[in-house]
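We did not get these values from a lab; they are worked out from the coordinates using the rules stated. A quick note: this is a predicted structure, and the numbers were derived from the prediction, not measured. Neighbour counts run over all protein chains shown; Cβ positions are idealised from the backbone, glycine included.
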Amino acid sequence: MFLHVLLCSVGVVQSYRDGLNSPACESLTPDLRSDSPQSGTAPFTVTADKTTFKEGDQITVSLNNQSADQFKEFLLQAHQVGSATSIGTFAVTDSSVQLLSCNGSANSAVSHTSNHDKSSVEAKWTAPVSGQLGDIEFRATFVSNVTAFWVGVKSSAVAYAPTASTNPDCGKTKVCFSEPSGCDPAVGTGCYFMAVEASSNQSEMRIEMFGQAEGYVAVGFSDDQNMGNDDIYICGKDSSGNLQVQHAISTGKTSPTILSLGNVTNIKTALMNGNKINCSFTSRNAISTGSRASSTSEYYLMIAAGPSNTQGIQIHTNKYVSSTKASLLNPSQAVTSTEEFPAIVKAHGCLMLISWMTTGSIGMLIARYLKGVAEDHGCCGKDFWYLAHVSLMTLSVIATAIAFILVFSHAKDWCGGAHPVLGCLVMILSLIQPIVAACRCEPDHERRFVFNWAHSFIALAIKGLAVAAIFTGLALFEEYVEDGWMLKVMGGFITWEALIYILQDLNLRAKKNDSEFCSFGLVRPETVLLILYLLGNLAFLTALLVGIGRT
């Protein structure tokens, strides 16, 4: 579809030498050409005089030869990276080149006016002042002679750098809310930002939102700090990967109900690096929380971000809520976010770590490897190892139950994701285990092996699920810990625990063969290994508890 029909005559390209037609806008391939394009590196280059741009910027684009080769015909367009649709407009001053209209957009391509030899061509491209913007590249097709042409020769990508941050207006004409507090969406990494500039009677609002997400960023206005009955605007990717703005109302912790966009104008969207979402628009819709159109100007502000698919937006992976209500008519007030992990959630995490890193793990080690220590010594007819095992495992179950109750009383609903599923499985098996133990047969009963196998299998399942639950839980905390070290510490603990188990197992095998794994005088090797494990365990546990406390 370009350069119009290439007809050949005596070695000279005669294909629409005036370049007036534009059927090649989509494919950049000469129309009705039976030859295939060259597959090697083109002897021509496409270069831009800038590496970044913003709305309305002008970029000079040059087409040049790299050797003695010259080109007779060409077609030049600008595209967003990964898109087949041209963007922006061109201007030319050279009489040897002209403007074309592609896909109904005037001046969206540049072509030749004759098929005379050319060594360089220059055009000026102007970026759109609105709409969805992102990184761009310039693409050109060059025709050198009757049989040689190159399709889609690209320039280096020109990064989209949006207009400088509007943060200077925060506290003056705009109510701003961000996480981290005071971050700059233009330069910050991991910044989630919303701004609202309302008219004096709140009949019109200019809303801006920015965040990093795979699918969408949403902002909301609420009468409380919980999700449900909130007025929401969503800036998210559609099925084609383009950004669109939607108006919605949330009805609880389920997918919000999409409403008619209503009186929303002057929409601007930008997608940078594939996951940095930026939208702004003017809304004349009244803010409605539930079935009531609110008459107040004060709301809790919300920012949420997460993935999306062809069915719509999915559960958010990031959510921030202002600590107090913000008056949209009072920009001078400071708006800060609530603590993402309140004390009750931190307590849940600490209890689970103590249960399944320390008390539960030590209880399992004692039951497996220390039955022979202080044998025939105990209390109430029970050996010390048994009393220690039962006490530690009881503490683990109680702490797990408390942690379970705390987090569900705080969330008041199912939060989704892998972590709560794993936590529920740990809780269920932790309650089943003592029931199985209470129903066990006598040690010399012929079916005692059934209990032994069931008890061991459930213990192994609890341990594996608890470790997975801890890793997924720490991943939630780690987002707010500098340098992301908590998962690494947990990995170190698992390695340390595995090493102790290996050494204990080697010692147990040595005892069965009436030999010694190692000697520590009067102190048994299994006791020494338990003490070493306890010291290392406490070091790892303390580090993780401090990490949770600092989030």
>> Checking understanding here: applying a Kyte-Doolittle mean of at least 1.6 and a length along the axis of at least 18 Å (C-alpha), which whole DSSP H helices in the chain pass?
In response: 384-411, 418-438
>> Suppose the chain between Gln38 and Ala148 were pulled fully straight at 0.36 nm per residue; how much longer would it get relative to their current alpha carbon spacing?
In response: 39.0 nm
> How much net charge surrounds Ala157 when only the other residues with a Cβ under 9 Å from the Cβ of Ala157 are counted, with Lys and Arg +1 and Asp and Glu -1?
Replying inline: -1
> Among (i) -0.45, -0.75, -1.06; (ii) -0.51, -0.84, -1.07; (iii) -0.34, -0.77, -1.26, which is the computed log10 I(q)/I(0) by the Debye sum over Cα atoms at q = 0.06, 0.09, 0.12 Å⁻¹?
Replying inline: (ii)
> Among residues other than Ala140 whose Cβ falls under 11 Å from its Cβ, what is the net charge (Lys/Arg +1, Asp/Glu -1)?
Replying inline: 0
> Where Lys and Arg each count +1 and Asp and Glu each count -1, what net charge lies around Val81 among other residues with Cβ under 10 Å from its Cβ?
Replying inline: -1
> Are any of the pairs Lys174/Lys488; Lys50/Lys174; Lys54/Lys237; Lys72/Lys276; Lys172/Lys346; Lys268/Lys325 more than 30 Å apart by Cα-Cα distance, and if so, which?
Replying inline: Lys174/Lys488; Lys50/Lys174; Lys72/Lys276; Lys172/Lys346
>> Stokes-Einstein diffusion coefficient for region 508-551 at 20 °C in a medium of 1.002 mPa s, Rh from the Kirkwood formula over Cα pairs: what value in µm²/s?
In response: 169
> In terms of modelled amide H atoms, which long-range or inter-chain residues lie less than 5 Å from the amide H of Tyr192?
Replying inline: Glu179
>> Placing +1 on the Cβ of each Lys and Arg and -1 on the Cβ of each Asp and Glu in region 78-209, which of Ala127, Val143, Ala161 has its Cα farthest towards the positive end of the resulting dipole?
In response: Val143
>> I'd like to know which of Phe90, Gly182, Leu529 lies farthest towards the positive end of the charge dipole of the chain, counting +1 on Cβ of Lys and Arg and -1 on Cβ of Asp and Glu.
In response: Leu529
> Using a simple spin-label model with points 7 Å from Cα along the Cα→Cβ vector, what separation in nm is obtained for Asn273 and Leu522?
Replying inline: 6.4
> Calculated from DSSP H runs of 4 or more alone, at -39500 (n - 2.57) each and per residue, what is the 222 nm mean residue ellipticity of the chain, nearest 500?
Replying inline: -10000 deg cm²/dmol
>> If you average the alpha carbon positions of region 431-458 and of region 296-316, how far apart do those two centres end up, in angstrom?
In response: 49
